[in-house]
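The block underneath contains the structure these notes are about, expressed in structure tokens.
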Amino acid sequence: MSYSKKVIDHYNNPRNMGSLDKADKEVGTGVVGAPECGDVMKLQLKISGGIIEDARFKTFGCGSAIASSSLATEWVKGKTLDEAFQIKNTEIVNELSLPPVKIHCSVLAEDAIKAAIADYKKKNDIA
Amino acid sequence: MLKLPIFMDYHSTTPVDPRVLEAMLPYFTQKFGNAASKNHSFGWEAEEAVNKAREQVAQLISCHPKEVVFTSGATESDNLALKGVASMYREKGNHIITAVTEHKAILDTAKRLEKEGFKVTYLPVKPDGLIDLELLKSSITDQTILISIMMANNEIGVIQPIAEIGQIAKERGILFHTDAAQAVGKIPVNVEAMGIDLMSFSGHKMYGPKGIGGLYVRRKNPRVRLLPMMDGGGHERGMRSGTLNVPMIVGLGEACEISGKEMIQEGLRLTQMRKKLQDHIMGELDEVYLNGHPENRLPQNLNMSFAYVEGESLLMGLKEIALSSGSACTTATLEPSYVLRALGVGSDLAHSSLRFGLGRFTTDEEIEYVGKKVVEAVNRLREMSPLYEMAKEGIDLKSVQWTEH
């Protein structure tokens, strides 16, 4: 698999890799994927006043999966929940020039953002 | 001095040994005759070269030179053996036995034969990758005409009990074929002692050129007959028509002779190197699993799974090292290695596997470098892995409700 420069850059220099305290009420955690399928993403958002202040990821998966989640953490920072919810996997595909067989990695990143937002809303009883 | 990139994928192919190339060169431009030309010196010269190569091959596998049929490689040999036997012995029976961990050249050929009305039993393998001989015996029916079990596996390097299988086949009067592409030139092979009736092998897996290989076809006790796939000039005892590829055949012969002379020493050297690599990696990382039988395997092969990291991203971190992975992401099908799955290795660990293929030109410096880089890359990716984090927190990953996709 020959990757785009951007994928390789995210792989070599992952942005916002790590974890936030999942018990924190201001932190929403999304874990998507399955080990059997070869990719699992954990995306965490720290939300304050409706704005995503910080984001972290950890990913088990191929280079595209790592790059997709790394990019997602960059994009969500500073956004409102609604804005972050609007991020589409196709934007990730375009930004990283992912080949067709790797589109599922971008889908997973989109799902991870949505799952993290849902977790935050559930924790804070926001409908 | 260490030179990058490092080639550690010798199961995929091998470089042509410079001695092999040297032997081949005159047969492209000066000694270019057609080995089937019986009326002039150009033809005689070519025929003589082919005869010598046939003897070199025969010497390596302990057969008669006339029992060697040159083909384009092991895939063609596998096709010729299975289809040729199936068509020729159809009246005798319609059942073939093989194993789930065979190369696709066997499995896909067997599937085609199934479409044509043959019945095929695919034997499972034990967790160490070896077949169960009792199960083989009980799978034989009065319709069984052929058993095809590979000698050494291309992914995990395990060596099947070929002599025992040969004996079982002989006792029941069934032909025995073995795909020995990974074994010939690497470990001692004796078709007589092992009771082999047909055997596929390939030039480029043993430092010969690509596009040449052979099929051993037994001439006596029993005399094996094959329906050819290629009709034409009746070359190779009528089993494989087509002008002989003289330079490649010369190369294959030379490769066989060199391998025969150096095999034992090379095997010992590579076994030591492999052990060093394995000890290095296992000494520094936890939750690393060896795939395949620990001893019954090619000296050249090391296959390991690294829990919590995915194989393709691991390869990305080892970009100066040529390796293979059982990860789905390295294949077009998005399925993890069927060989590892057949051993009962979970999909998660199959995704996390690396195959190290050592070879003639592997050096101690390379082994050291690769060991160091693998440890670094795995540690880095584990830092990045949510699974590793969960495991360290004491979460049983099997109990987690994952979202399959």
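Restricting attention to segment B:160-192 and to residues that are aliphatic (A, V, I, L, M) and closer than 22 Å to B:I258 by Cα, the residue that is nearest to the chain's Cα centre (by Cα) turns out to be B:A181.
Yes/no per residue for (1) under 23 Å from B:T271 (Cβ atoms); (2) at pLDDT below 90; (3) of a type in the set (F, W, Y); (4) part of a loop (DSSP other than H, G, I, E, B):
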| residue | (1), (2), (3), (4) |
| --- | --- |
| B:S305 | yes, no, no, no |
| B:Y308 | no, no, yes, yes |
| B:E312 | no, no, no, no |
| B:L315 | no, no, no, no |
| B:T333 | no, yes, no, yes |
| B:P336 | no, yes, no, yes |
| B:L340 | yes, no, no, no |
| B:R355 | yes, no, no, no |
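Restricting attention to segment B:229-253, the residues that are touching a residue at least 24 places away in the same chain (Cβ under 8 Å), out of contact with any Gly (no Cβ under 8 Å at 6 or more places or on another chain), in a helix (DSSP H, G or I) and within 19 Å of B:D78 (Cα to Cα) add up to 3.
Select from segment B:273-303 the residues that are among the charged types (D, E, K, R) and not in a strand (DSSP E or B) and list them in ascending order. First the steps, then the outcome.
Taking segment B:273-303 as the starting set, the residues that turn out to be among the charged types (D, E, K, R) are B:274-276, B:279, B:284, B:286-287, B:295, B:297.
Listed by number, the residues that qualify are B:R274, B:K275, B:K276, B:D279, B:E284, B:D286, B:E287, B:E295.
Only one entry of B:T101, B:T121, B:T141 meets the criterion of being of a type in the set (S, T, N, Q) and crowded, with 19+ Cβ neighbours inside 10 Å, and that entry is B:T101. In segment A:53-127, counting only helices (runs of 4 or more DSSP H) that sit wholly within it, the ones holding 3 or more residues that are out of contact with any helix residue (DSSP H, G or I) (no Cβ under 7 Å at 6 or more places or on another chain), closer than 24 Å to A:N12 by Cα and away from chain B (no Cβ under 14 Å) span A:89-96. Within segment A:31-51, being touching a residue at least 40 places away in the same chain (Cβ under 8 Å) and of a type outside the set (D, E) holds for A:V31, A:V32, A:G33, A:M41, A:K42, A:L43, A:Q44, A:L45, A:I47.
If we keep just the residues of segment B:263-279 that are charged (D, E, K, R) and touching a residue at least 60 places away in the same chain (Cβ under 8 Å), which is nearest to B:D17 (Cα to Cα)? It would help to see each step written out before you state the result.
Step one: filter segment B:263-279 for residues charged (D, E, K, R), giving B:266, B:269, B:274-276, B:279.
Now restrict to residues that are touching a residue at least 60 places away in the same chain (Cβ under 8 Å): B:266, B:274, B:276.
Numbers: B:E266: 14, B:R274: 21, B:K276: 25 Å.
Taking the candidates together, the pick is B:E266.
Among the residues of segment B:360-398, those that are of a type in the set (G, A, S), within 12 Å of chain A (Cβ to nearest Cβ) and surrounded by fewer than 22 Cβ atoms within 10 Å (Cβ to Cβ) comprise B:A377, B:A391. Of everything in segment A:9-52 that is surrounded by fewer than 16 Cβ atoms within 10 Å (Cβ to Cβ) and aliphatic (A, V, I, L, M), the residue that is farthest from the other protein chains (Cβ to nearest Cβ) is A:I51. If only residues of segment B:14-44 that are of a type in the set (D, E, K, R) and part of a loop (DSSP other than H, G, I, E, B) are counted, the one that is nearest to B:K261 (Cα to Cα) is B:D17. The single condition among (1) touching a helix residue (DSSP H, G or I) at 6+ places or on another chain (Cβ under 7 Å); (2) in contact (Cβ under 8 Å) with a residue 24 or more places away in the chain that B:M390 does not meet is (2).
Give segment B:295-321 a look and list any residue that's more than 14 Å from chain A (Cβ to nearest Cβ) and either more than 18 Å from the chain's Cα centre (by Cα) or among the hydrophobic types (A, V, I, L, M, F, W, C) (or both), or say none.
Step one: of segment B:295-321, the residues more than 14 Å from chain A (Cβ to nearest Cβ) are B:295-304, B:321.
Passing the criteria: B:L298, B:L302, B:M304, B:I321.
Scanning segment B:137-193 for residues that are more than 30 Å from B:G208 (Cα to Cα) and of a type outside the set (D, E, K, R) yields B:S138, B:S139, B:I140, B:T141, B:Q143, B:T144, B:I145, B:Q167, B:I168, B:A169, B:G173, B:I174.
For segment B:344-358, the criterion of being in contact (Cβ under 8 Å) with a residue 12 or more places away in the chain, of a type in the set (V, I, T) and in contact with a strand residue (DSSP E or B) (Cβ under 6 Å, 6 or more places away or on another chain) is met by none of the residues. Just so you know, in segment B:336-359 the residues that are within 12 Å of chain A (Cβ to nearest Cβ) and touching a Lys or Arg at 6+ places or on another chain (Cβ under 8 Å) include one that is farthest from B:H11 (Cα to Cα), and it is B:S347.
Can you confirm whether B:D286 is of a type in the set (D, E) and in contact (Cβ under 8 Å) with a residue 40 or more places away in the chain? When the stated conditions are applied, B:D286 does not pass them.
The values are calculated or read from the model by the stated rules, or taken from the named source; none is laboratory data. Note that this is a predicted model, so its numbers are computed, not measured. Glycine gets a Cβ as well: all are built from the backbone with ideal geometry, and neighbour counts include every protein chain shown.
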